[in-house]
Each structure stands twice: as C-alpha cells, then as structure tokens.
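The values are calculated or read from the model by the stated rules, or taken from the named source; none is laboratory data. Note that the structure is a prediction, hence the values are computed from the model and not measured. Note that each Cβ is placed from the backbone with ideal geometry, even for glycine, and that neighbours are counted across all protein chains shown.
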Amino acid sequence: MIPEWTTLGKILIGIGLGIVALGILLVVVDRIPGLSSTFSWLGKLPGDISIKRDNFSFYFPIATSIVLSVLLSLLFYLVGWLFRR
C-alpha cells in the first residue's frame with residue numbers, strides 16, 4: 001500500500017513542477033524580445049468568440065482551446081510512448 005502512495009506523491013510533485021514551470025514561462029515570455037511575438041497568436045485565432053457590448057464582454061477562445069488540446073495530446077502521447085519503451 002505504501003508504494004502506491006509514493007508513486008501518487010511523485011506524480012503530484014511532477015504535475016506541480018510542470019505548472020510552476022509553465023507559470024514562469026508565461027510571466028517571462030513578455031520580457032524576452034523574441035518570444036512575445038512567438039506566442040502572440042494565442043487567443044487570437046479565427047474561431048475564437050469575442051463579444052463586446054457597452055457593459056458586457058464575453059470571450060471564449062474555442063479555436064485556441066482546440067489547438068492547445070491537440071498539441072498537449074500529442075505531447076502526452078509522445079511522453080507516454082517514451083516511457084513504455
């Protein structure tokens with residue numbers, strides 16, 4: 001029973017470190033001259049819904065969500081494939 005908890009703990013630590021790394025990347029990306037233009041397409045794809053009225057604004061990045069979902073699925077598939085080898 002203890003090895004199962006140890007494995008779960010390691011997985012949670014890995015996920016946490018990944019989230020911290022992503023957060024640091026998002027904070028630093030605007031301060032590095034070449035990277036801000038690389039990620040400028042995020043949230044501005046055709047298919048992203050944006051409605052702005054007088055006292056109301058609604059934004060749903062559906063196309064960006066689909067693209068990120070496909071990219072993350074490929075990334076996780078490749079990582080899983082590497083660990084199965």
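From the list Phe76, Phe83, Phe60, exactly one residue is surrounded by 10 or more Cβ atoms within 10 Å (Cβ to Cβ) and more than 14 Å from the chain's Cα centre (by Cα). Which is it? First the steps, then the outcome.
Details: Phe76 fails: more than 14 Å from the chain's Cα centre (by Cα); Phe83 fails: surrounded by 10 or more Cβ atoms within 10 Å (Cβ to Cβ).
Residue meeting the stated conditions: Phe60.
Looking at the stretch 24-38, which of its residues are at pLDDT below 85 and part of a helix (DSSP H, G or I)?
As a first pass, look at the stretch 24-38 and keep what is at pLDDT below 85: 25-38.
Passing the criteria: Leu25, Leu26, Val27, Val28, Leu35, Ser36, Ser37, Thr38.
Among (1) surrounded by 10 or more Cβ atoms within 10 Å (Cβ to Cβ); (2) of a type in the set (D, E, K, R); (3) in a helix (DSSP H, G or I); (4) at pLDDT below 80, where does Lys10 come up short?
Condition not satisfied by Lys10: (4).
Just checking, how many residues over the stretch 30-57 are surrounded by 10 or more Cβ atoms within 10 Å (Cβ to Cβ) and closer than 18 Å to Leu71 by Cα?
Result for the stretch 30-57: 10.
Between Ser69, Ser65, which is surrounded by 12 or more Cβ atoms within 10 Å (Cβ to Cβ), under 20 Å from Gly18 (Cβ atoms) and not hydrophobic (A, V, I, L, M, F, W, C)?
On the way: Ser69 fails: surrounded by 12 or more Cβ atoms within 10 Å (Cβ to Cβ).
None of the other options fit; the residue is Ser65.
Against the conditions (1) out of contact with any Lys or Arg (no Cβ under 9 Å at 6 or more places or on another chain); (2) part of a helix (DSSP H, G or I), where does Thr64 fall short? Just the number, please.
Single failed check for Thr64: (1).
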